[in-house]
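Below you'll find the structure, written out as structure tokens, and then a few comments.
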Amino acid sequence: DVMAKAKELGCNKVALGHHADDMIDTFFMSISKENRLNTIKPISYLSKTNLFVIRPLLYVFEKQIEAITARKDEYNKLFCNPYNAARYGYIDDVIEPRNTRYRVIKALQTVSTKRLENPAKKHDNLPL
């Protein structure tokens, strides 16, 4: 059970993948089986388990999700690439594995002469 596992792991929220089509289906099932207007909510509190259930995709339709996931490879190529991340300024530099040792030694040499000094206190703690 998902809720039991969440409690075991110490979680207080469980995210479910319900989307807008599920919300509409639930609405019509509620009308036909319960004779009332009701549907799933984006955030629900389950008092029995003391967990919140969140549905972050509830206002997104299944077709939209499929369209986005179809472009996953394109996204990964553009944005999950360290060289592109460096080009866009998201990271400062890409260190090639063959240069790692040299770059780490150079960085350590740069900071080896640095001394950290705390600024002088302007005021001392007053006894209460």
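The values are calculated or read from the model by the stated rules, or taken from the named source; none is laboratory data. Keep in mind that this is a model prediction, so the values were computed, not measured. Cβ atoms come from the backbone with ideal geometry, glycine included; neighbour counts cover every protein chain shown. Note: accessible area is taken over every heavy atom of the protein model, side chains too, but ligands, DNA and RNA are not part of it. Shrake-Rupley method; radii C 1.70, N 1.55, O 1.52, S 1.80 Å.
Structure above, values below:
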| read-out | value |
| --- | --- |
| Surrounding net charge for residue 54, when Lys and Arg each add one and Asp and Glu each subtract one, Cβ distance under 12 Å | +3 |
| Lysine pair number, Cα distance threshold 25 Å (strictly under), the chain, separation 8 or more or different chains | 14 |
| Area of residue 45 that stays accessible when all protein chains are in place (1.4 Å probe, Å², to 10) | 110 Å² |
| Cβ-based net charge around residue 18, under 12 Å, with every Lys or Arg adding one and every Asp or Glu removing one | -2 |
| Net charge of neighbours whose Cβ lies under 10 Å from the Cβ of residue 39, counting Lys and Arg as +1 and Asp and Glu as -1 | -1 |
| Rounded accessible area per residue of the range 1-40, 1.4 Å, Å² | 73 Å² |
| Cα-centred dipole magnitude for the range 18-128, charges only on beta-carbon of K, R (+1) and D, E (-1), debye, nearest 20 | 600 debye |
| For the range 94-128 versus the range 1-80, the gap between their alpha-carbon centres in whole angstrom | 45 Å |
| Extreme residue, positive dipole direction of the chain, given options 86, 14, 53 (C-beta unit charges) | 86 |
| Value of relative contact order over the chain, rounded to a whole percent, pairs C-alpha under 8 Å and six or more apart | 19 percent |
| Alpha-carbon radius of gyration plus Dmax, which is the widest Cα pair, for the range 89-128 in Å | 19.4, 59 |
